[in-house]
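These notes concern the structure reproduced below.
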Amino acid sequence: MVGLILHGGCHDLPPDEKERSLTQNGVTSYGKKGYKMLLEGASAVDVAEAVLTDMEDDPLFDAGTGSFKNLNGIVEMDAIMMTDLQNCGAVHCIRNVKNPIKVARAVMEKTSHWILSGDGAEQFARLQGFPFYDPAIDSQGNDSEDAKGRTRMLQNVQYYMDEIRANDHIFSTVGIVVLDDKKNLVAATSTGGIRMKMPGRVGDSAVPGSGTYCNDVIGLSATGEGEKILRLCLTYQTAQDYLKLGDVTEACKVNITRASAIDGICGVIALTKTGEFSFAHNGVFMPVFHKTTKKRIK
């Protein structure tokens, strides 16, 4: 049995038809590529890395090359990979690499640590042979507007951050859960964070149990308002509810309802060791691709 489920973020406001189509088509295309790899015998870890690498290279998504700049005009990214044996590797606020998910995997496989951050994460990446790469791209926004934002931030941090949150409703983090033919289960997530975030801000995506979680029963990846997802420990709680309820769809729905109760916009995908999968969100649009030998539980 093999399978995967993949998301491309959660949108609180409806994207236009072109953006909606490009996003869903991208998620579907990358998902099909990963599924083909599984059918050819690739491992869950290799498939998770390959699919998220493709999505990090696609400027449509808020990960890797498409990441949002922070208030200093710099891109800081988070990524994580976690296995059913609860091996984990993550990077927080990493700069100047093309594919944070590759560095996160290296942390998992080549160190005794779970998380490396900031300058330490970048130094580790260089030692592992990952070259310098500036992921900032012109399509992320108008630099003059960013400069105005930075000036206003210096004048009143909280006011400006509240204003950004009130008007920014696109959370295009990418995430995947993969089950391979050896029954290995892996969850992975990558993000550039929220637009115009404060330097050093860490969201939920690469925090085990918040934006990503995997154990010997179920793997999950979340997307949306990071601070709310952190508050709920969303993926860990969804996993625990699955163990209690025995229904993956209900477990996802219960926790999205909890997010709605604190005005948190988010989504979560889940895949179990037995090939059952589901997802839920409270946004307007969440591009998802899933394919496995089992049907989705209704």
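The values are calculated or read from the model by the stated rules, or taken from the named source; none is laboratory data. All values derive from a computational prediction rather than experimental measurement. In this analysis, Cβ positions are derived from the backbone assuming ideal geometry, glycine residues included, and neighbour counts consider all displayed protein chains.
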Legend entry - Complete set of residues in the range 225-236 that are farther than 18 Å from residue 185 by Cα and either assigned to a helix (DSSP H, G or I) or modelled with pLDDT under 95 (or both): 225, 226, 227, 228, 229, 230, 231, 232, 234
Legend entry - Out of 76, 40, 56, sole residue that is more than 21 Å from residue 286 (Cα to Cα), out of contact with any Asp or Glu (no Cβ under 7 Å at 6 or more places or on another chain) and in contact (Cβ under 8 Å) with a residue 40 or more places away in the chain: 76
Inset, instruction - Select from the range 185-219 the residues that are more than 10 Å from the chain's Cα centre (by Cα) and not in a loop (DSSP other than H, G, I, E, B) and write down the one among them that is farthest from residue 44 (Cα to Cα). - result: 208
Legend entry - Selection within the range 170-184 - closer than 21 Å to residue 282 by Cα and outside any strand (DSSP E or B): 172, 173
Inset, instruction - Can you confirm whether the range 244-259 contains a residue that is crowded, with 24+ Cβ neighbours inside 10 Å and at pLDDT below 95? - result: no
Legend entry - Top-ranked residue of the range 286-298 - restricted to ones that are farther than 12 Å from residue 224 by Cβ and of a type in the set (A, V, I, L, M, F, W, C), ranked as surrounded by the fewest Cβ atoms within 10 Å (Cβ to Cβ): 297
